[in-house]
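Notes to accompany the following structure.
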Amino acid sequence: MVFIKEREMEIPVIDFGELDGENRSKTMSLLDHACDKWGFFMVDNHGIDKELMEKVKKLINSHYEEHLKEDFYQSEMVKALSEGNTSDADWESSFFISHKPTSNICKIPNISEELSKTMDEYVSQLHKFAERLSKLMCENLGLDQEDIIKAFSGSKGPAFGTKVAKYPECPRPELMRGLREHTDAGGIILLLQDDQVPGLEFFKDGKWVPIPPSKNNTIFINTGDQLEILSNGRYKSVVHRVMTVKHGSRLSIATFYNPAGDAVISPAPKLLYPSGFQFQDYLKLYSTTKFGDKSPRLETMKKMENRHSA
(Lines give C-alpha, C1' and ligand atoms only; values in the text may rest on other atoms or scores of the structure.)
Protein backbone atom coordinates (compact mmCIF):
# COMPACT_ATOMS: atom_id res chain seq x y z
CA MET A 1 0.00 0.00 0.00
CA VAL A 2 1.32 3.43 -0.96
CA PHE A 3 0.57 6.39 1.28
CA ILE A 4 0.48 9.76 -0.45
CA LYS A 5 1.30 12.69 1.78
CA GLU A 6 -1.39 15.36 1.77
CA ARG A 7 -0.15 18.47 -0.02
CA GLU A 8 0.19 21.62 2.02
CA MET A 9 -1.99 24.52 0.95
CA GLU A 10 -0.18 26.81 -1.45
CA ILE A 11 -0.73 30.31 -0.11
CA PRO A 12 -1.43 32.81 -2.91
CA VAL A 13 1.58 34.90 -3.98
CA ILE A 14 0.81 38.07 -5.93
CA ASP A 15 3.65 39.42 -8.06
CA PHE A 16 3.12 43.19 -8.20
CA GLY A 17 5.78 43.38 -10.88
CA GLU A 18 3.17 41.95 -13.29
CA LEU A 19 0.69 44.79 -12.78
CA ASP A 20 2.31 47.10 -15.33
CA GLY A 21 2.52 44.63 -18.20
CA GLU A 22 0.48 42.27 -20.34
CA ASN A 23 -0.31 40.05 -17.33
CA ARG A 24 -2.15 42.80 -15.44
CA SER A 25 -5.61 41.29 -15.94
CA LYS A 26 -4.45 37.86 -14.74
CA THR A 27 -2.68 39.39 -11.73
CA MET A 28 -5.75 41.42 -10.77
CA SER A 29 -7.83 38.23 -10.94
CA LEU A 30 -5.33 36.46 -8.67
CA LEU A 31 -5.51 39.34 -6.21
CA ASP A 32 -9.30 39.27 -6.19
CA HIS A 33 -9.30 35.50 -5.67
CA ALA A 34 -6.84 35.82 -2.78
CA CYS A 35 -8.95 38.51 -1.07
CA ASP A 36 -12.24 36.74 -1.74
CA LYS A 37 -11.39 33.10 -1.04
CA TRP A 38 -8.41 33.32 1.33
CA GLY A 39 -8.33 36.64 3.21
CA PHE A 40 -4.54 36.43 3.28
CA PHE A 41 -1.73 36.28 0.73
CA MET A 42 1.90 37.20 0.07
CA VAL A 43 3.14 40.01 -2.15
CA ASP A 44 6.43 39.94 -4.03
CA ASN A 45 8.00 42.78 -6.04
CA HIS A 46 6.13 45.26 -3.87
CA GLY A 47 8.60 48.07 -4.56
CA ILE A 48 9.74 48.59 -0.96
CA ASP A 49 13.52 48.76 -0.49
CA LYS A 50 14.53 45.29 0.68
CA GLU A 51 17.81 46.47 2.18
CA LEU A 52 15.77 48.91 4.27
CA MET A 53 13.51 46.03 5.37
CA GLU A 54 16.56 44.02 6.45
CA LYS A 55 17.83 46.99 8.43
CA VAL A 56 14.46 47.39 10.18
CA LYS A 57 14.50 43.73 11.25
CA LYS A 58 18.11 43.89 12.43
CA LEU A 59 17.56 47.04 14.52
CA ILE A 60 14.35 45.77 16.11
CA ASN A 61 15.98 42.46 17.01
CA SER A 62 18.83 44.39 18.64
CA HIS A 63 16.35 46.63 20.49
CA TYR A 64 14.61 43.55 21.90
CA GLU A 65 17.87 41.90 23.00
CA GLU A 66 19.15 45.07 24.68
CA HIS A 67 15.99 46.49 26.28
CA LEU A 68 13.10 44.00 26.38
CA LYS A 69 14.31 40.39 26.63
CA GLU A 70 15.46 40.45 30.26
CA ASP A 71 12.23 42.05 31.50
CA PHE A 72 10.15 39.54 29.57
CA TYR A 73 11.83 36.50 31.10
CA GLN A 74 11.50 38.03 34.58
CA SER A 75 7.73 38.57 34.20
CA GLU A 76 5.10 36.86 36.35
CA MET A 77 3.74 35.04 33.28
CA VAL A 78 7.11 33.37 32.66
CA LYS A 79 7.48 32.45 36.34
CA ALA A 80 3.98 30.94 36.38
CA LEU A 81 4.66 28.88 33.26
CA SER A 82 7.85 27.47 34.79
CA GLU A 83 5.59 26.07 37.53
CA GLY A 84 3.21 24.58 34.97
CA ASN A 85 0.57 27.29 35.32
CA THR A 86 -0.96 29.13 32.38
CA SER A 87 -2.95 32.35 32.16
CA ASP A 88 -5.06 34.29 29.69
CA ALA A 89 -1.99 36.05 28.38
CA ASP A 90 0.02 35.98 25.18
CA TRP A 91 3.65 34.86 25.05
CA GLU A 92 4.87 38.00 23.35
CA SER A 93 6.98 41.08 23.97
CA SER A 94 5.48 43.96 22.02
CA PHE A 95 4.97 47.70 21.67
CA PHE A 96 2.89 49.85 19.32
CA ILE A 97 4.09 52.73 17.17
CA SER A 98 1.55 55.22 15.85
CA HIS A 99 2.59 56.82 12.54
CA LYS A 100 -0.49 58.64 11.22
CA PRO A 101 -2.30 60.91 11.81
CA THR A 102 0.28 61.65 14.55
CA SER A 103 3.49 59.84 15.44
CA ASN A 104 4.50 58.63 18.91
CA ILE A 105 7.78 57.02 17.89
CA CYS A 106 9.89 59.50 19.87
CA LYS A 107 8.04 58.42 23.03
CA ILE A 108 8.94 54.72 22.75
CA PRO A 109 11.23 53.89 25.68
CA ASN A 110 14.91 53.39 24.78
CA ILE A 111 14.33 53.62 21.05
CA SER A 112 17.49 54.68 19.25
CA GLU A 113 17.67 57.53 16.79
CA GLU A 114 18.82 55.08 14.12
CA LEU A 115 15.83 52.77 14.67
CA SER A 116 13.43 55.70 14.76
CA LYS A 117 14.76 57.12 11.49
CA THR A 118 14.86 53.71 9.79
CA MET A 119 11.26 52.93 10.82
CA ASP A 120 10.11 56.29 9.47
CA GLU A 121 11.75 55.57 6.11
CA TYR A 122 10.24 52.07 5.94
CA VAL A 123 6.76 53.22 6.97
CA SER A 124 6.79 56.02 4.40
CA GLN A 125 7.32 53.46 1.62
CA LEU A 126 4.87 51.01 3.16
CA HIS A 127 2.14 53.65 3.39
CA LYS A 128 2.38 54.30 -0.37
CA PHE A 129 2.14 50.56 -0.99
CA ALA A 130 -0.91 50.25 1.31
CA GLU A 131 -2.71 52.99 -0.60
CA ARG A 132 -1.83 51.35 -3.91
CA LEU A 133 -3.17 48.02 -2.64
CA SER A 134 -6.38 49.66 -1.41
CA LYS A 135 -6.96 51.17 -4.87
CA LEU A 136 -6.45 47.77 -6.52
CA MET A 137 -8.93 46.21 -4.11
CA CYS A 138 -11.44 48.95 -4.98
CA GLU A 139 -10.95 48.25 -8.66
CA ASN A 140 -11.67 44.57 -8.13
CA LEU A 141 -14.76 45.37 -6.05
CA GLY A 142 -16.13 47.67 -8.73
CA LEU A 143 -15.66 50.79 -6.62
CA ASP A 144 -13.99 54.11 -7.33
CA GLN A 145 -10.24 53.84 -6.65
CA GLU A 146 -10.32 56.20 -3.67
CA ASP A 147 -13.35 54.66 -1.92
CA ILE A 148 -11.42 52.75 0.79
CA ILE A 149 -9.17 55.74 1.45
CA LYS A 150 -12.20 58.02 1.75
CA ALA A 151 -14.10 55.56 3.95
CA PHE A 152 -11.13 55.24 6.31
CA SER A 153 -10.26 58.94 6.39
CA GLY A 154 -12.45 60.54 9.07
CA SER A 155 -11.35 64.10 9.75
CA LYS A 156 -7.59 63.51 9.63
CA GLY A 157 -7.02 60.68 7.15
CA PRO A 158 -6.65 56.92 7.67
CA ALA A 159 -4.79 55.64 10.73
CA PHE A 160 -1.43 53.95 10.22
CA GLY A 161 0.42 52.17 12.99
CA THR A 162 2.76 49.25 13.68
CA LYS A 163 2.72 46.53 16.31
CA VAL A 164 6.29 45.40 16.85
CA ALA A 165 6.40 41.96 18.51
CA LYS A 166 8.84 39.26 19.44
CA TYR A 167 7.60 35.78 20.28
CA PRO A 168 10.43 34.47 22.46
CA GLU A 169 11.52 30.88 22.92
CA CYS A 170 8.98 29.12 25.13
CA PRO A 171 9.97 26.21 27.41
CA ARG A 172 6.42 24.79 27.41
CA PRO A 173 4.95 25.55 23.96
CA GLU A 174 2.13 23.06 24.50
CA LEU A 175 0.78 25.26 27.30
CA MET A 176 0.96 28.76 25.78
CA ARG A 177 -0.06 30.61 22.64
CA GLY A 178 2.15 33.36 21.31
CA LEU A 179 -1.07 35.15 20.38
CA ARG A 180 -4.54 33.70 20.90
CA GLU A 181 -7.05 33.09 18.10
CA HIS A 182 -8.59 36.32 16.74
CA THR A 183 -9.47 38.36 13.68
CA ASP A 184 -7.96 41.81 13.18
CA ALA A 185 -10.25 44.74 13.98
CA GLY A 186 -8.96 47.11 11.30
CA GLY A 187 -8.60 47.31 7.54
CA ILE A 188 -5.48 46.05 5.72
CA ILE A 189 -2.62 44.44 7.66
CA LEU A 190 0.88 44.43 6.16
CA LEU A 191 3.28 42.05 7.87
CA LEU A 192 7.06 41.99 7.69
CA GLN A 193 7.93 38.80 9.53
CA ASP A 194 10.77 36.55 10.54
CA ASP A 195 12.69 34.79 7.78
CA GLN A 196 13.65 31.80 9.96
CA VAL A 197 11.20 31.09 12.79
CA PRO A 198 7.60 29.96 12.04
CA GLY A 199 4.52 30.22 14.26
CA LEU A 200 1.81 32.22 12.43
CA GLU A 201 -1.25 30.17 11.44
CA PHE A 202 -4.52 31.05 9.65
CA PHE A 203 -7.75 29.04 9.78
CA LYS A 204 -9.08 28.02 6.37
CA ASP A 205 -11.44 25.28 5.22
CA GLY A 206 -11.60 23.73 8.67
CA LYS A 207 -7.86 23.49 9.25
CA TRP A 208 -4.97 25.63 10.48
CA VAL A 209 -2.66 26.73 7.67
CA PRO A 210 0.96 27.38 8.79
CA ILE A 211 2.36 30.56 7.27
CA PRO A 212 6.03 29.96 6.42
CA PRO A 213 8.73 32.48 7.33
CA SER A 214 9.00 35.22 4.70
CA LYS A 215 11.91 34.65 2.34
CA ASN A 216 13.30 37.51 0.26
CA ASN A 217 11.25 40.02 2.30
CA THR A 218 7.89 39.32 0.75
CA ILE A 219 5.07 41.13 2.56
CA PHE A 220 2.28 39.05 4.06
CA ILE A 221 -1.17 40.65 3.80
CA ASN A 222 -4.42 39.89 5.57
CA THR A 223 -7.73 41.72 5.67
CA GLY A 224 -9.47 42.92 8.84
CA ASP A 225 -13.04 43.29 10.06
CA GLN A 226 -13.56 46.80 8.64
CA LEU A 227 -12.72 45.71 5.10
CA GLU A 228 -15.21 42.86 5.47
CA ILE A 229 -17.88 45.42 6.43
CA LEU A 230 -16.90 47.86 3.68
CA SER A 231 -16.94 45.10 1.03
CA ASN A 232 -20.37 43.92 2.23
CA GLY A 233 -18.90 40.59 3.35
CA ARG A 234 -17.01 39.77 0.18
CA TYR A 235 -13.47 40.22 1.53
CA LYS A 236 -13.73 38.44 4.89
CA SER A 237 -11.38 38.75 7.85
CA VAL A 238 -9.88 35.39 8.86
CA VAL A 239 -9.14 33.91 12.29
CA HIS A 240 -5.43 33.50 12.98
CA ARG A 241 -3.02 32.83 15.84
CA VAL A 242 0.65 32.62 16.72
CA MET A 243 2.03 29.38 18.11
CA THR A 244 5.00 29.31 20.47
CA VAL A 245 8.15 27.36 19.69
CA LYS A 246 10.81 25.89 21.93
CA HIS A 247 13.73 26.96 19.77
CA GLY A 248 13.92 30.34 18.09
CA SER A 249 12.50 33.79 18.73
CA ARG A 250 10.04 34.96 16.05
CA LEU A 251 9.94 38.57 14.85
CA SER A 252 6.69 40.21 13.71
CA ILE A 253 6.34 43.78 12.39
CA ALA A 254 2.64 44.19 11.61
CA THR A 255 1.53 47.53 10.17
CA PHE A 256 -2.17 48.39 10.17
CA TYR A 257 -3.85 50.54 7.52
CA ASN A 258 -6.99 51.32 9.52
CA PRO A 259 -9.95 53.68 9.60
CA ALA A 260 -9.49 56.86 11.62
CA GLY A 261 -11.16 56.80 15.01
CA ASP A 262 -13.96 59.09 13.84
CA ALA A 263 -14.44 57.38 10.45
CA VAL A 264 -18.00 56.16 9.89
CA ILE A 265 -17.87 52.63 8.48
CA SER A 266 -20.63 50.96 6.49
CA PRO A 267 -20.87 48.76 3.39
CA ALA A 268 -19.96 50.65 0.22
CA PRO A 269 -23.27 51.87 -1.29
CA LYS A 270 -22.37 50.43 -4.71
CA LEU A 271 -22.18 46.94 -3.17
CA LEU A 272 -25.61 47.09 -1.50
CA TYR A 273 -28.69 45.57 -3.01
CA PRO A 274 -32.01 47.38 -2.71
CA SER A 275 -34.16 46.28 0.22
CA GLY A 276 -37.49 47.02 1.86
CA PHE A 277 -39.47 47.37 -1.36
CA GLN A 278 -42.75 45.73 -2.38
CA PHE A 279 -42.34 43.02 -4.98
CA GLN A 280 -45.20 44.48 -7.06
CA ASP A 281 -43.17 47.68 -7.49
CA TYR A 282 -40.24 45.66 -8.76
CA LEU A 283 -42.48 43.76 -11.18
CA LYS A 284 -43.79 47.01 -12.65
CA LEU A 285 -40.24 48.11 -13.42
CA TYR A 286 -39.26 44.63 -14.59
CA SER A 287 -42.08 44.47 -17.12
CA THR A 288 -40.58 47.35 -19.09
CA THR A 289 -36.91 46.49 -18.61
CA LYS A 290 -36.89 42.69 -18.65
CA PHE A 291 -34.57 42.36 -21.61
CA GLY A 292 -32.15 45.07 -20.54
CA ASP A 293 -29.26 45.08 -18.08
CA LYS A 294 -30.51 44.46 -14.53
CA SER A 295 -28.08 46.95 -12.94
CA PRO A 296 -30.12 50.11 -13.73
CA ARG A 297 -33.19 48.29 -12.45
CA LEU A 298 -31.55 47.59 -9.11
CA GLU A 299 -30.25 51.15 -8.87
CA THR A 300 -33.77 52.46 -9.45
CA MET A 301 -35.08 50.27 -6.63
CA LYS A 302 -32.30 51.56 -4.34
CA LYS A 303 -33.35 55.15 -5.06
CA MET A 304 -36.97 54.26 -4.42
CA GLU A 305 -35.94 52.73 -1.09
CA ASN A 306 -34.04 55.90 -0.16
CA ARG A 307 -37.08 58.06 -0.93
CA HIS A 308 -39.31 55.85 1.21
CA SER A 309 -36.89 55.99 4.15
CA ALA A 310 -36.33 59.76 3.95
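The values are calculated or read from the model by the stated rules, or taken from the named source; none is laboratory data. The structure displayed is predicted, hence computed values, not measured ones. Note that each Cβ is placed from the backbone with ideal geometry, even for glycine, and that neighbours are counted across all protein chains shown. Side chains are part of the model used for accessible areas, which takes the heavy atoms of the whole protein and leaves out ligands, DNA and RNA. Shrake-Rupley method; radii C 1.70, N 1.55, O 1.52, S 1.80 Å.
What to note about this one:
- Taking a ≥ b ≥ c as the square roots of the eigenvalues of the alpha-carbon gyration tensor, the stretch 31-140 is classed oblate because a/c is 1.5 or more while a/b is no larger than b/c.
- In summary, the lysines within cross-link reach of LYS69, defined as a Cα separation below 29 angstrom excluding same-chain residues under 8 places away, comprise LYS50, LYS55, LYS57, LYS58, LYS79, LYS100, LYS107, LYS117, LYS163, LYS166, LYS215, LYS246.
- Using a Förster distance of 41 Å, the FRET efficiency for ASP20-PHE96 (Cβ separation, nearest 0.05): 0.75
- Accessible-area composition of the chain, carbon plus sulfur, in percent [1.4 Å probe]: 51 percent
- About the centre of its Cα atoms, the stretch 187-240 shows a dipole size close to 180 debye [charges on the beta carbon of Lys, Arg (+1) and Asp, Glu (-1) only; nearest 20 debye].
- When +1 charges are put on Lys and Arg Cβ atoms and -1 charges on Asp and Glu Cβ atoms, the dipole computed for the chain relative to its Cα centre reaches about 1000 debye.
- Counting only residues at least eight positions apart within a chain, or on another chain, the lysines with an alpha carbon under 30 Å from that of LYS284 are LYS270, LYS294, LYS302, LYS303.
- The aspartates and glutamates whose alpha-carbon is closer than 19 Å to the alpha-carbon of LYS204, local same-chain residues fewer than 8 away aside, are GLU6, GLU8, GLU10, ASP32, ASP36, GLU181, ASP184, ASP225, GLU228.
- For the chain, the longest principal axis of the alpha carbon atoms and the long axis of helix 50-63 meet at an angle near 50°.
- Euclidean distance of C-alpha centroids, the stretch 68-117 and the stretch 196-256, integer Å: 20 Å
- In this view, the solvent-accessible surface of CYS106, computed with a 1.4 Å probe and all protein chains in place, comes to about 110 Å².
- The listed peptides 81-94, 41-54, ordered by packing as a protection proxy, come out as 41-54, 81-94 (highest mean of other Cβ atoms within 10 Å first).
- In nm, spacing of pseudo-spin labels at LYS50 and GLU70 (7 Å Cα→C-beta vector): 3.7 nm
- Counting only protein heavy atoms and a 1.4 Å probe, the chain has 54 square angstrom of accessible area per residue.
- Separation in nanometres of the label points that stand 7 Å from Cα toward Cβ, at THR300 and SER155: 4.3 nm
- Rough spin-label spacing in nm, given labels placed 7 Å along Cα→Cβ, for GLU174 and HIS33: 4.0 nm
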